[in-house]
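Visitor: Sharing a structure, written as structure tokens. Questions coming.
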Amino acid sequence: MSDAPARVAVVTGAGTGIGRATARALLDAGFRVALAGRREHPLVEAAAGDPAALVVPADVSAPDDVARLFDTVLASWGRVDVLVNNAGTFGPAGSVDEIDPEQFAATLAVNVTGTMLCTAAAFRIMRAQQPQGGRIVNNGSVSARVPRPQSVAYTTSKHALTGLTRSTELDGRPYRITCGQIDIGNVATEITRTIGTGSGALQPDGTRRAEPTFDVRVAAEAICAMASLPLDVSVGHVELTAAGMPLAGRG
């Protein structure tokens, strides 16, 4: 049995949905996990009193909050081995001529700038620590490749996230830092509950259709598997969707 300390992971947006399930999967896999998110109560519920969990309320779009998050993790556990950039927002719905510029900017502030701020903070730690290195996993979306109608803010942010992922992977090579993206489509969470039932999802032809979904725990297990790989393996991109989802051409 190894005497090495458990690896340290930071999960943003950990209070609900994919982030919550991922934090639990990592804890079950033996990681020490810092759960970050804007609201403390859901984080505490997700941590469920696990002694290997650290709750750190933080808004990823606020530089001071991000600095405090990683300072707290470093003070508590001395390193960061894995960062899961999961925090995100769908932003406003509408065509490009209908979107409020402030709402557009707010979407990018969370999905792009927030991910960049967390990535930069984790990168600095991973570069300096011994043993050197770490893994960053960005939760993208299938919208990073194929958009839904009326989703210009969200889709733009997710395309930008792909560029951030690839640049981070390249910059991390000298320091044993890897960065990959998992693009998930139609995972069943509270925020996507209308996709599989009721009014369904808007299609390119203007109709609405109920679409298949899959269990959020499967997505969490896939992220955990990526996080658990040795650093001599790089996973640049994974796409995980509900079977039968109308993705190619969006129907």
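The values are calculated or read from the model by the stated rules, or taken from the named source; none is laboratory data. Keep in mind it's a predicted model, so treat the numbers as computed, not measured. FYI the Cβ positions are ideal-geometry reconstructions off the backbone, even for glycines, and counts take in every protein chain you see.
Visitor: What about ARG79, is it of a type in the set (Lys, Arg) and either buried (at least 21 other Cβ atoms within 10 Å of the Cβ) or in a helix (DSSP H, G or I) (or both)?
Guide: no
Visitor: So, one more: Could you give me the residue pairs with C-beta distances under 7 Å whose first residue belongs to the range 222-242 and is within 20 Å of LEU161 (Cβ to Cβ), whose second residue is of a type in the set (S, T, N, Q) and modelled with pLDDT under 95 wherever it lies, and which are 6+ apart or on separate chains?
Guide: So the pair list comes out as THR241/ASN186.
Visitor: Being over 23 Å from ARG39 (Cβ atoms) and under 23 Å from the mean Cα position of the chain (by Cα) is the filter here, so list the residues in the range 94-104 that pass it.
Guide: Within the range 94-104, PHE104 is the sole residue that qualifies.
Visitor: Out of ALA34, ALA46, ALA25, which single residue is assigned to a helix (DSSP H, G or I) and either out of contact with any Cys (no Cβ under 9 Å at 6 or more places or on another chain) or modelled with pLDDT under 95 (or both)? Spell out the reasoning first.
Guide: On the way: ALA34 fails: assigned to a helix (DSSP H, G or I); ALA25 fails: either out of contact with any Cys (no Cβ under 9 Å at 6 or more places or on another chain) or modelled with pLDDT under 95 (or both).
So the residue among ALA34, ALA46, ALA25 that is assigned to a helix (DSSP H, G or I) and either out of contact with any Cys (no Cβ under 9 Å at 6 or more places or on another chain) or modelled with pLDDT under 95 (or both) is ALA46.
Visitor: In the range 126-176, which residue that is within 25 Å of ASP100 (Cα to Cα), within 14 Å of the chain's Cα centre (by Cα) and of a type in the set (Val, Ile, Thr) is modelled with the lowest pLDDT?
Guide: Going through the qualifying residues, I end up with VAL142.
Visitor: Moving on to the next point. Any chance the range 110-123 includes a residue that's of a type outside the set (A, V, I, L, M), under 18 Å from ALA36 (Cβ atoms) and outside any helix (DSSP H, G or I)?
Guide: Within the range 110-123, none of the residues are of a type outside the set (A, V, I, L, M), under 18 Å from ALA36 (Cβ atoms) and outside any helix (DSSP H, G or I).
Visitor: If you take the residues in the range 124-159 that are hydrophobic (A, V, I, L, M, F, W, C) and assigned to a helix (DSSP H, G or I), which one is farthest from ALA93 (Cα to Cα)?
Guide: Applying the filter and picking the extreme gives ALA128.
Visitor: Residues of the range 167-222 being surrounded by 14 or more Cβ atoms within 10 Å (Cβ to Cβ) and touching a Pro at 6+ places or on another chain (Cβ under 6 Å), which ones?
Guide: Correct list: LEU202 only.
Visitor: In the range 122-146, how many are over 17 Å from HIS159 (Cα atoms) and surrounded by fewer than 20 Cβ atoms within 10 Å (Cβ to Cβ)?
Guide: The number of residues fulfilling the criteria is 8.
Visitor: Same structure, new question: Is the range 62-76 home to any residue that is free of Cβ contacts under 8 Å to residues at least 40 places away in the same chain, touching an Asp or Glu at 6+ places or on another chain (Cβ under 9 Å) and outside any loop (DSSP other than H, G, I, E, B)?
Guide: Yes; the residues of the range 62-76 include at least one that is free of Cβ contacts under 8 Å to residues at least 40 places away in the same chain, touching an Asp or Glu at 6+ places or on another chain (Cβ under 9 Å) and outside any loop (DSSP other than H, G, I, E, B).
Visitor: Mind listing just one residue for me: the one in the range 21-48 that is touching a strand residue (DSSP E or B) at 6+ places or on another chain (Cβ under 8 Å) and among the basic types (Lys, Arg) and, of those, surrounded by the fewest Cβ atoms within 10 Å (Cβ to Cβ)?
Guide: So, considering only residues that are touching a strand residue (DSSP E or B) at 6+ places or on another chain (Cβ under 8 Å) and among the basic types (Lys, Arg), the one surrounded by the fewest Cβ atoms within 10 Å (Cβ to Cβ) is ARG39.
Visitor: Among THR113, THR119, THR72, THR89, which is within 17 Å of THR12 (Cβ to Cβ), of a type in the set (Ser, Thr, Tyr), touching a helix residue (DSSP H, G or I) at 6+ places or on another chain (Cβ under 6 Å) and surrounded by fewer than 23 Cβ atoms within 10 Å (Cβ to Cβ)?
Guide: Result of the check over THR113, THR119, THR72, THR89: THR89.
Visitor: Going by the structure shown, is GLN203 modelled with pLDDT under 95 and over 20 Å from GLY88 (Cα atoms)?
Guide: Yes; evaluated as a whole, the condition is true for this residue.
Visitor: Of the residues ALA6, ALA14, which is in contact with a strand residue (DSSP E or B) (Cβ under 8 Å, 6 or more places away or on another chain), in contact (Cβ under 8 Å) with a residue 60 or more places away in the chain, surrounded by 15 or more Cβ atoms within 10 Å (Cβ to Cβ) and assigned to a loop (DSSP other than H, G, I, E, B)?
Guide: Among ALA6, ALA14, only ALA14 is in contact with a strand residue (DSSP E or B) (Cβ under 8 Å, 6 or more places away or on another chain), in contact (Cβ under 8 Å) with a residue 60 or more places away in the chain, surrounded by 15 or more Cβ atoms within 10 Å (Cβ to Cβ) and assigned to a loop (DSSP other than H, G, I, E, B).
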